[in-house]
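First the structure, in the form of structure tokens, and then the observations on it.
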Amino acid sequence: MLLNQCPEHNQPLVAADAAALGIAGVEQAEHYLKARDGHAATPMRALPELAGELGIGSLHVKDEGKRLGLSSFKALGGAYAVMRLVLEEAGKRLGRAVDVGEIGDASVRAIAAQMTFCCATDGNHGRSVAQGAGLVGARSMVFVHAGVSRERVAAIARFGAEMVRVEGGYDHSVREAARVAAERGWTVVSDTSWPGYERIPGLVMQGYTVVVREALRHMPEPPTHVFLQAGVGGFAAAIAGHLAILFGAQRPKVIVVEPARAACIYASAEAGRPVKIPHGQPTVMAMLECHEPSLVAWRVLSRLGDAFMTVDEEDAVAVMNRLARPAGNDPAIVSGESGGAGLAGLIRAAGDKGMRGALGLGSNSRVLIINSEGATDPGRYAELVGMAPEDVARARQPA
């Protein structure tokens, strides 16, 4: 674990990030979300038994495993950005403001049909972009790298996306998607950002802030600590940014957790600037296997991330199994390989005297964890947990 030593730590967000992640932004994201079929707030689970074991006051897990049929919080980001971009284009062509309630109108769909959205993905973001394009009647092209499983590719294709396989890792697929999109006039909807490309990733992050709004509605008191998993960092930055805007100096401590095999945010915190790390062994936490941070995300996390830490492969698998087979009256939760990384960080920190002290974890701590994905690859989940995800859900309903 590394405490934040960046000179910008605890400094205010830059204006663009504050606007994207603020109250008006989340209200607009919720407005769009309510227009979607199947919208429902995801559940919040209290785990008092595990909280007691960890020596903290309370532990709440926001379970994104059923979000809009995609089994991931990513359903809130890419699809939201696609819808926003289509309606903005419709507004330009029709010469008036176009609201999300008009998303099914023939005039809007005719405009959407002329638009192609593309992205690179480890799995979940691509499903969201593809779903959003399908909702508005646009075309989607999704670039996947060699490490994306066939099951995840098939899950994206089911939403009507055209799939493009790319050699190398996630970062290679990001560059290839951007290159081809520039050649063909497509719109890139990425969950990572680079110089000159920030606004659309900001919209993706804005969609993620809905998770915070829902979580706070169901917590008796605001959290004192939030452990947030990171790939390129967009999810962690969105949650941390909105909490900082809501609570100011009283914001909860934010601990950013990554796989030890793909810890580009940790490396950036060590260097004091965004850095790209070399590719090594793949991690079981496939949705977090990123080697270069999003510039927008780093700009937020360098200010609001209070600590950065890594977890090992066995930590992630242990959390999947613990959530599937809880102690006492704690509810069972289906958590995918990447979904429980934040909880893995909490468990590691709570078991280390030095980390506990540095983070101020104790009997009065109220910790929020976000289970960012369910069983997005059911076969892999069953292999690692020894139970099918539907059997976990049936075996232990929430108390």
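Step through the table entries Lys62/Lys253; Lys66/Lys276; Lys34/Lys92; Lys276/Lys353; Lys34/Lys66, compare each Cα-Cα distance with 21 Å, and write down the pairs that go over it.
Beyond 21 Å: Lys66/Lys276; Lys34/Lys92; Lys276/Lys353.
Please report, to two decimal places, log10 I(q)/I(0) for region 1-126 at q = 0.10 Å⁻¹ as given by the Debye formula with identical point scatterers on the Cα atoms and no solvent.
-0.51
When only the heavy atoms of the protein chains count and the probe is 1.4 Å, how do Lys34, Lys62, Lys253 rank by accessible area, highest first?
Highest to lowest solvent-accessible surface, that is Lys34, Lys253, Lys62.
What dipole magnitude, in Debye to the nearest 20, does region 269-399 give about its Cα centre under +1 on Lys/Arg Cβ and -1 on Asp/Glu Cβ?
Using only the charged Cβ atoms, the result is roughly 560 debye.
Expressed in nm², what is the orientationally averaged projection area of the convex hull enclosing the Cα positions of region 284-392?
Answer in nm², one decimal: 8.1.
Please list 3J(HN,Hα) in residue order for region 20-29, calculated via the Karplus relation 6.51 cos²θ - 1.76 cosθ + 1.60 where θ = phi - 60°; whole Hz, with x for glycine and proline.
Along region 20-29, the couplings run 5, 9, x, 5, 4, x, 5, 5, 5, 4 Hz.
Once each part is reduced to its C-alpha centroid, what is the distance from region 86-122 to region 285-311 in angstrom?
Each part reduced to its Cα centre gives a spacing of 32 Å.
Per Stokes-Einstein, at 10 °C and 1.306 mPa s, what whole-number D in µm² s⁻¹ belongs to region 49-102, with the Kirkwood radius over Cα pairs as the hydrodynamic radius?
In µm²/s, the coefficient is 110.
Quickly work out the Glu151-to-His279 label distance, labels modelled 7 Å from Cα along the C-beta direction, and quote it in nm with one decimal.
Taking the two extended label points, one gets 2.3 nm.
Taking a quarter of the surface of the Cα convex hull of region 70-225, what do you get in nm²?
One quarter of the hull surface, i.e. the mean projection, equals 11.0 nm².
Give me the percent relative contact order of region 1-124, please, defined on Cα pairs under 8 angstrom at least 6 residues apart.
17 percent
Using each residue's phi in region 345-350, evaluate 6.51 cos²θ - 1.76 cosθ + 1.60 at θ = phi - 60° and report the 3J(HN,Hα) Karplus result to the nearest Hz, with x for Gly and Pro.
Each residue of region 345-350 in turn: x, 4, 4, 5, 5, 5 Hz.
For Cα pairs less than 8 Å apart in space and 6+ apart in sequence, what is the mean separation divided by the residue count of region 208-343, i.e. the relative contact order in percent?
27 percent
Run the dipole for the chain about the Cα centre, Lys and Arg Cβ at +1, Asp and Glu Cβ at -1, nothing else charged, and hand back the magnitude in debye, nearest 20.
My answer is approximately 580 debye.
Could you tell me what fraction of 2.2 N^0.38 Å the Cα radius of gyration of region 4-69 comes to, as a two-decimal ratio?
1.61
Over the chain, what relative contact order in percent results from Cα pairs under 8 Å that are six or more residues apart?
22 percent
Taking the Cα atoms only, what angle lies between the long axis of helix 124-136 and the longest principal axis of the chain, rounded to 10 degrees?
40 degrees
Using the Karplus equation 6.51 cos²θ - 1.76 cosθ + 1.60 (θ = phi - 60°), what ³J(HN,Hα) coupling, rounded to whole Hz, does each residue of region 102-110 give in order, writing x for Gly and Pro?
Along region 102-110, the couplings run 9, 4, x, 5, 4, 5, 6, 5, 5 Hz.
Quick one: accessible area per residue over the chain, 1.4 Å probe, rounded to a whole number of Å²?
Accessible area per residue: 37 Å².
Tell me, how many Å apart are the Cα centres for region 323-368 and for region 15-60?
With region 323-368 and region 15-60 each reduced to a Cα centre, they are spaced 17 Å.
Does anyone have the angle between helix 170-184 and the longest principal axis of the chain? Alpha-carbon axes, 0 to 90°, nearest 10?
Computed tilt is about 10 degrees.
Can you tell me the order of 190-196, 136-142 when each peptide is scored by its average per-residue count of other Cβ atoms within 10 angstrom, highest first?
136-142, 190-196
Give me the one-decimal nm value for the distance between modelled label points at Arg325 and Ile23, 7 Å along each residue's Cα-to-Cβ direction.
Result for the modelled spin labels: 4.7 nm.
To the nearest 0.05, what FRET efficiency results for His9 and Ala382 with a Förster distance of 45 Å applied to their C-beta separation?
FRET efficiency, His9 to Ala382: 0.60.
Just the projected area, averaged over all directions, of the convex hull on the alpha carbon atoms of region 160-266: how many nm²?
Answer in nm², one decimal: 9.2.
For helix 199-208, what angle does its Cα long axis make with the longest principal axis of the chain, in degrees from 0 to 90 and rounded to 10?
The helix 199-208 is inclined about 50 degrees to the chain.
Given C-alpha coordinates of region 190-246, what is the ratio Rg to Rh with the Kirkwood estimate of Rh?
The Rg/Rh ratio comes out at 1.01.
For the chain, what % of the accessible area comes from carbon and sulfur atoms, probe 1.4 Å?
Its accessible area is 51 percent carbon and sulfur atoms.
How many times 2.2 N^0.38 Å is the alpha carbon radius of gyration of the chain?
So the chain has a normalised radius of gyration of 0.92.
Using a simple spin-label model with points 7 Å from Cα along the Cα→Cβ vector, what separation in nm is obtained for Arg96 and Arg213?
2.6 nm
Local charge sum around Leu50 (other residues, Cβ-Cβ under 13 Å, Lys/Arg +1, Asp/Glu -1)?
Within the 13 Å Cβ shell, the charges total 0.
Show me 122-135, 369-382, 92-105 ranked by packing, highest mean number of other Cβ atoms within 10 Å first.
Answer by packing, highest mean first, reads 122-135, 369-382, 92-105.
The values are calculated or read from the model by the stated rules, or taken from the named source; none is laboratory data. What you see is a predicted model; the values in this text were computed from it and never measured. All Cβ positions, even for glycine, are placed from backbone atoms using ideal geometry, and neighbour counts span all protein chains on display. Keep in mind that these areas ignore ligands, DNA and RNA; they rest on the heavy atoms of the full protein, side chains included. Shrake-Rupley method; radii C 1.70, N 1.55, O 1.52, S 1.80 Å.
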